[in-house]
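What follows is a short report on a single structure.
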Amino acid sequence: MTDYVELQVLTHFSLLRGASSPEELFAAAALLGYPSIGVSDIGTVAGVVRAWEAQKATGVRSIAGTRVNLSCGRQLLLYPTNRPAWSRLTRLLTVGKKRAGKGGDASSTGMTSNPGRRA
């Protein structure tokens, strides 16, 4: 068993970026002896349910989160630690998708790294 934990795992729910299903990723993590992996799909938490199922099947702990793109070009990995944080995260993703509009970059929140400035 290793102490290493990969926190930037993309599933095939990160369209055009991720290639593997949560089941495949958790099976590989189990073979490598990882105690857990962090699923952080881009602009979505769509892979979380299947990651939870894969966690139960493999014993590799799932750390649910997401990756968001800021309008300044930076990316943030967000991992909620409780239910209120999960609620805020899903609200943030919804606002980002709404701001992006049809055909827009749904992974972008429309926020900048400067909290006093809005994009």
- Query: Could you list, in sequence order, the residues of the stretch 45-79 that are in a loop (DSSP other than H, G, I, E, B), farther than 18 Å from residue 22 by Cβ and not hydroxyl-bearing (Ser, Thr, Tyr)?
  - Reply: 70, 72, 73, 74
- Item | Residues of the stretch 12-40 classified as open to solvent by less than 50 Å² (accessible area, probe 1.4 Å) and either modelled with pLDDT of 90 or more or assigned to a helix (DSSP H, G or I) (or both), total | 15
- Query: Of these, 109, 94, 66, which one is at pLDDT 85 or above and within 26 Å of residue 6 (Cβ to Cβ)?
  - Reply: 66
- Name every residue in the stretch 44-59 that is in contact with a strand residue (DSSP E or B) (Cβ under 6 Å, 6 or more places away or on another chain) and open to solvent by less than 10 Å² (accessible area, probe 1.4 Å), in order of residue number. 47, 51
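The values are calculated or read from the model by the stated rules, or taken from the named source; none is laboratory data. Note that this is a predicted model, so its numbers are computed, not measured. Heads up, the Cβs are rebuilt from the backbone with ideal geometry, glycines too, and the neighbour counts pull from every protein chain shown. Ligands, DNA and RNA are stripped out before the accessible areas are found, and what is left, the full protein with its side chains, is counted by its heavy atoms. Shrake-Rupley method; radii C 1.70, N 1.55, O 1.52, S 1.80 Å.
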